[in-house]
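Below is one structure, written out as structure tokens; comments come after it.
The values are calculated or read from the model by the stated rules, or taken from the named source; none is laboratory data. Computed from a predicted model, the values in this text were never measured in an experiment. Note that each Cβ is placed from the backbone with ideal geometry, even for glycine, and that neighbours are counted across all protein chains shown. Surface accessibility is based on the protein's heavy atoms, side chains included, excluding ligands, DNA and RNA. Shrake-Rupley method; radii C 1.70, N 1.55, O 1.52, S 1.80 Å.
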Amino acid sequence: MAVAALGVLMGRGHRPCGMEESAVGQAGVRSHDDSLPESLRLDGPMTASTRVPITVLLTVGDQAELVTPMRGPKDPMRVPAADIARDVGLAADDLAGRKLTAVMEGERLRDFRLADEK
């Protein structure tokens, strides 16, 4: 609830694990946000099993706010911090600032890994 309230106060709707309609392009998913640093941009088109780079901005309550190739820091993607913590073997409180990768499936992320893991 606190995360939803924060999203409303910041002018964003609350979508826990998906992307806003503005992030969807003709092919279903926007390839990248042009305002992102080069390190977070994709080299080619996304496929059903594309592993994407992610930065965890912060955690609020039970949610983590993520910068992805499709979502910049002004409109981060929100996912349950416990899902990420379970996949990478860290406490949810230790996620902020971490560089990760995950598999993008449609509008969802799965199989989170620390960026230095293959």
Regarding L109, is this residue modelled with pLDDT under 95, buried (at least 17 other Cβ atoms within 10 Å of the Cβ) and touching a Cys at 6+ places or on another chain (Cβ under 9 Å)?
yes
Looking only at the stretch 85-106, how many residues end up being open to solvent by less than 10 Å² (accessible area, probe 1.4 Å) and under 11 Å from T59 (Cα atoms)?
1
Mind checking which pairs have a first residue in the stretch 87-101 that is closer than 19 Å to D111 by Cβ and a second that is open to solvent by less than 40 Å² (accessible area, probe 1.4 Å) and among the polar types (S, T, N, Q), Cβ under 8 Å, 6 or more apart or different chains?
R98/T55; K99/T55; L100/T55
